[in-house]
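Just below is one structure, and these are the notes that go with it.
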Amino acid sequence: MSKRVIISNLLILASVALLAIIYFAPAWWVSLTAPNYPKEAFPDGVRIEFHMNGVFNGCKKVQKTEIEESEALDCVHEMDTINHYVGMYPIAAGGVIERAFSPFLVAFLAVMLLGFACTKPKIRVPLMAVGFGTIAVWMYMTWYGKDGLKYQNAGYIEALVTSMDQDTERGSDRNKNDELIKRMKEAIPENVVSVEEQKDSEDEMVKKLAGLGGELVSDKDLGVTLDSGSEQSATGDPKTDNIALLKGTFLIDQKKKPASEREEWTGSNAQVMRWHYEKSLGRYFNNQAEIRPMVKKMAMASQVVFWGIIAAMVLLVWGARKSKGILYWLLILVPMALPVFFVIEYSAWLWWYGHNLNAMGAFTVKPFMPTVFGQGKVAQFTTHSYPDLGFGLMMLMAALLAVAALLRIKDARQQ
């Protein structure tokens, strides 16, 4: 290999390492400030952070003599509460497919880069075939397999559980639920959190989860994240405990439906995503006539994305037979364009939120485009929307890949 190719490959390997960091880093943040959220108590306003695998709380616990906080304000819940007054759907209702497929897509980009780094087609083709094949098996087991949710990343599952705890009926009075939450944690036996086949019937499962002699508990009281350091934690593993809570909430939710509409728990990512999306849409505006068609479309779209990724893998492996042509250069151009894809995706979902306002909102406002970058104004709220660490790393990765591509072009022309 020439010196240019060696430097190009080093830049590509650095970009692959950056991809792993980007996945877990916050990519963008949004904040709302208003007179009723004083800076002394809310230094960053009502802030949330967008990651590839979910939306997380951006507020931190304020430590001041005049302010006593036992835990940081849940600003995802707070922003949902603010937004629903104008008919805006909860944050968890956006990007459901993108978040679910994010680990596979990031791994997909990594294999593309490794394929481009390999200069010999005879090695590149089997390398990419093995890489894409591994992703395809992992994706299939997660999306369709029984208890496939255990193959998802912990952050994605945590975001699902956290959003289930956000309900307008709970308000800010969390203390009244503390004792119930404690009893719920103590009531979850090991065989409930096991990912193996359950021996209990659904009726027995619900009774065990309720821990109240068969009395059904509201799903919003079940939707809490187990603390791995808590004495009441069922397994000590947050991911396993969160899956158990999702399963318990799912089973209780099925008991509320007519017998003809109930589902058995499979634990597949496809089932959980569809159910969770329906719950998110109906959190504030439970109009099933509107929700069911939306859920059906999202489920269909997820199937298209799944098989679309498989088709793209086959096409790229076929195109890897040559070190030239559009399919070969896509191996580096697509990962290089990640910041562009992110901004387009982020902007599209903001547009969807602002142009799909539910008529059940307390206030009627005209459809609007929320601020993508910079500051905006909505009623008495000032909106702030800016890139975060993850997006900066995306830009750095794009720059490294651009240099790597130019070096390859110069080397090819010289030869």
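The values are calculated or read from the model by the stated rules, or taken from the named source; none is laboratory data. All values reported here derive from a predicted model rather than from experimental measurement. Using ideal geometry, Cβ is built from the backbone for each residue, glycine included, and neighbour counts are taken over all protein chains shown.
How many residues, within the range 276-290, are surrounded by 19 or more Cβ atoms within 10 Å (Cβ to Cβ) and either under 20 Å from I135 (Cβ atoms) or not charged (D, E, K, R) (or both)? Total satisfying the criteria: 5. For the range 239-275, taking the residues that are β-branched (V, I, T) and buried (at least 22 other Cβ atoms within 10 Å of the Cβ), the one that is farthest from Y140 (Cα to Cα) is identified as T249.
Quick check on my filter: what residues within the range 332-362 are under 30 Å from N9 (Cα atoms), touching a residue at least 12 places away in the same chain (Cβ under 8 Å) and hydrophobic (A, V, I, L, M, F, W, C)? Correct list: I332, L333, V334, M336, A337, L338, F342, V343.
Consider the range 45-62 and keep the residues that are over 12 Å from E78 (Cβ atoms), outside any strand (DSSP E or B) and of a type outside the set (A, V, I, L, M). The one that is nearest to the chain's Cα centre (by Cα) is N53. Counting only residues that are part of a helix (DSSP H, G or I) and within 23 Å of the chain's Cα centre (by Cα), the range 253-293 holds 17 of them. Restricting attention to the range 1-41, which residues are more than 17 Å from L73 (Cβ to Cβ) and of a type in the set (V, I, T)? Within the range 1-41, V5, I6, I7, I12, V16, I21, I22 qualify.
Candidates P387, P367: the one that is more than 20 Å from L11 (Cβ to Cβ) and either of a type in the set (A, V, I, L, M) or at pLDDT 90 or above (or both) is P387.
In the set P339, P335, only one residue is within 27 Å of A117 (Cα to Cα) and within 19 Å of the chain's Cα centre (by Cα); that residue is P339. Only one entry in G325, G361, G319 is over 26 Å from H51 (Cβ atoms) and in contact with a His (Cβ under 8 Å, 6 or more places away or on another chain), namely G361. In the range 10-44, the qualifying residues are those that are assigned to a loop (DSSP other than H, G, I, E, B) and touching a Gly at 6+ places or on another chain (Cβ under 9 Å), and the one that is farthest from T383 (Cα to Cα) is A25.
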